[in-house]
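Engineer: For reference, the structure I am asking about is given below.
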Amino acid sequence: MKPSIPKGTRDFGPDQVDRRQYIFSVIREAFVRYGYRPIETPAMESLDTLTGKYGEEGDQLLFKVLNNGDFLSKADAQAWADRDSNRIVLSISKRGLRYDLTVPFARFVVMNQNDLSFPFKRYQIQPVWRADRPQKGRYQEFFQCDADVIGSDSLMYEAELIRLYDEAFHKLGIPVEIRVNNRKLLASLAAVCGIGNRFMDMTMAIDKADKIGWEGVRREMVERGIPEAGADQVIHYLAHPDLETLRPVLSGDPEGLAGLAEMDQISHYLEGVKLTNPWILDLTLARGLNYYTGCIFEVKAIGVEMGSIGGGGRYADLTGVFGLKGMSGVGISFGADRIYDVMDMLNLFPANAVTSLKVLICAFSAEDHLYAFRVLNQLRDAGVSADLYPEPVKLQKQLKYANSLGVPHVVLIGETERESGLLTCKNMVTGDQQVLDIQGLVEKLTNQ
């Protein structure tokens, strides 16, 4: 059998895992400093929890999990006869892998509402799964790093999350644009253009503008049943968007007025706040997920061809579908896998992002090896990352192993070192050697 892994998934070697953990640590530190608390939710959720929250295309990308046991005994016989795959799958699958972290978070809030203090701020760093076509920057299994606050309508949190994005990406060294829009503005535009009843169709098409162009957007809107005149009017306003031009157009609509007021309020919060990266109003930003109702975010890396590396927004009543009404929330997500790819392409990982051994101990004989094991534990107790070659084989083989690991120092222990207690430390880069006692060796290795 030839070993393989499912498409859209990846293995990670030690250096890759170290660099991924560096990304997680930078993002986690920002979350904690801004007052967000960690939670975790199961990899699987009930399909009832997941379906209907991500839009038509999102639901198609859910990974379904077969029921246990003889699942075919309860299969929809009529669906089987009709060869209706969707109905068959729904009759034999009651669970699915989570598509994002936001919907499971809403479910968590409802189930734990009596134990939480609102507004509740949480962060979550876990993998999600989407049955999407794998391509550059797009995987079927990937990590999201989410921060959400729920139980408040305050637009302070939108401003806070923009600043959190700015700080985290600055610390990672990635220059970005933080793009912001408001779904109320888009809903108002749909109403003004006479297609208010086709709002979701409009946003799903607009969300692809950077991939298919405005002619492609127009074609998709028409294919979705939007009248050509309405599609043309939407594109007229959005192909060359300018809020001041749109302000009088949208101000006559209550929802447009509310969206304009929200964007103005966020701007007021951010006045005088020092940001390293620009935040810009992008009226073409749509975010195709059904649950967004207010401000929406998307982060693009500058100077590299890559899809968005972050996104999020305000949802007015996501918990309502689970029985808890009126619980507004807002959140953002960092796409850790795309962030990794960007940092790798731009060579942004610091040298200390990869942890490695500081020293490998090489022993000449079986008796030396027993003594070396005691030295090894003294170094580890002092906080030095150290290892001992498992056998006292030829020194050349041990040094070759040290070089393959990129270990900067080796300690050579023979009869002289064992009897004197003085250890020979060799720099594997320069070839220089020093004779040190254990305390001197610890000081040398901890100061480098």
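The values are calculated or read from the model by the stated rules, or taken from the named source; none is laboratory data. This one's a predicted model, so the numbers in the text were calculated from it and none came from an experiment. We place every Cβ from the backbone using ideal geometry, glycine too, and count neighbours over all the protein chains shown. Note: areas computed on protein heavy atoms with side chains; ligands, DNA, RNA excluded. Shrake-Rupley method; radii C 1.70, N 1.55, O 1.52, S 1.80 Å.
Engineer: Label-point separation (nm) for MET200 and ASP115, each offset 7 Å from Cα along Cα-to-Cβ?
Structural biologist: 3.3
Engineer: Assuming 1.306 mPa s and 10 °C, estimate D for the stretch 149-268 with Stokes-Einstein, Rh taken as the Kirkwood radius over Cα pairs, in µm²/s.
Structural biologist: 100
Engineer: Can you work out the accessible area per residue across the chain, with the rest of the protein chains kept in place, probe 1.4 Å, in square angstrom?
Structural biologist: For the chain, the solvent-accessible area averages 49 Å² per residue.
Engineer: Would you give the gap between the C-alpha center of the stretch 147-198 and the C-alpha center of the stretch 299-358, rounded to a whole Å?
Structural biologist: Between the Cα centre of the stretch 147-198 and that of the stretch 299-358, the gap is 14 Å.
Engineer: Can you give me the angle between helix 156-172 and the longest principal axis of the chain, using Cα atoms only, in degrees from 0 to 90, rounded to the nearest 10?
Structural biologist: The angle comes out at about 40 degrees.
Engineer: Give the calculated FRET efficiency between GLU56 and ASN377 to the nearest 0.05, with a Förster radius of 41 Å applied to their Cβ-Cβ distance.
Structural biologist: The calculated FRET efficiency here is 0.10.
Engineer: How far apart, in nanometres, would the label points at LEU422 and LYS7 be if each is projected 7 angstrom from Cα along the Cα-to-Cβ direction?
Structural biologist: 6.6
Engineer: Which ³J(HN,Hα) values in Hz, rounded to whole numbers, follow from the phi angles of the stretch 202-209 under the Karplus curve 6.51 cos²θ - 1.76 cosθ + 1.60, where θ = phi - 60° and Gly and Pro get x?
Structural biologist: Along the stretch 202-209, the couplings run 5, 5, 5, 6, 4, 4, 9, 4 Hz.
Engineer: Pick from ASP48, ASP146, ASP341: which is most flexible by mean-square fluctuation in a GNM of the chain where alpha carbon atoms under 10 Å apart are linked?
Structural biologist: Largest GNM mean-square fluctuation: ASP48.
Engineer: Modelled label-to-label distance, LYS211 and ASN347, 7 Å Cα→beta-carbon offset: nm?
Structural biologist: 3.2
Engineer: Could you tell me what % of all Cα pairs in the chain have separations over 32 Å?
Structural biologist: 53
Engineer: Continuing with this model, one more query. Report the Cα centroid-to-centroid distance between the stretch 383-415 and the stretch 69-85 in angstrom, as an integer.
Structural biologist: Taking the Cα centre of each part, the stretch 383-415 and the stretch 69-85 sit 61 Å apart.
Engineer: For a quick check of understanding: with a 1.4 angstrom probe and all protein chains in place, what accessible area in square angstrom does THR9 have, to the nearest ten?
Structural biologist: Near enough 40 Å² of accessible area.
Engineer: Please work out how much length the chain gains when fully extended from ASN86 to LEU405, using 0.36 nm per residue of separation minus the C-alpha to C-alpha distance, in nm with one decimal.
Structural biologist: Gain on stretching ASN86 to LEU405: 109.8 nm.
Engineer: Return the Cα extents of the stretch 199-285 along principal axes one, two and three, sorted largest first, each rounded to a whole Å.
Structural biologist: 45, 31, 20
Engineer: Based on DSSP loop calls and a cut-off of at most 13 other Cβ atoms within 10 Å, the longest stretch of the chain free of exposed GluC sites (Glu not before Pro) is what?
Structural biologist: 41-270
Engineer: For GLN265 and PHE71, what does the FRET efficiency come to when R0 = 60 Å and r is the distance between their Cβ atoms, rounded to the nearest 0.05?
Structural biologist: 0.70
Engineer: Measure off, as a whole percent, the carbon and sulfur share of the 1.4 Å-probe accessible area of the stretch 1-103, all protein chains present.
Structural biologist: The nonpolar share, carbon plus sulfur, comes to 53 percent.
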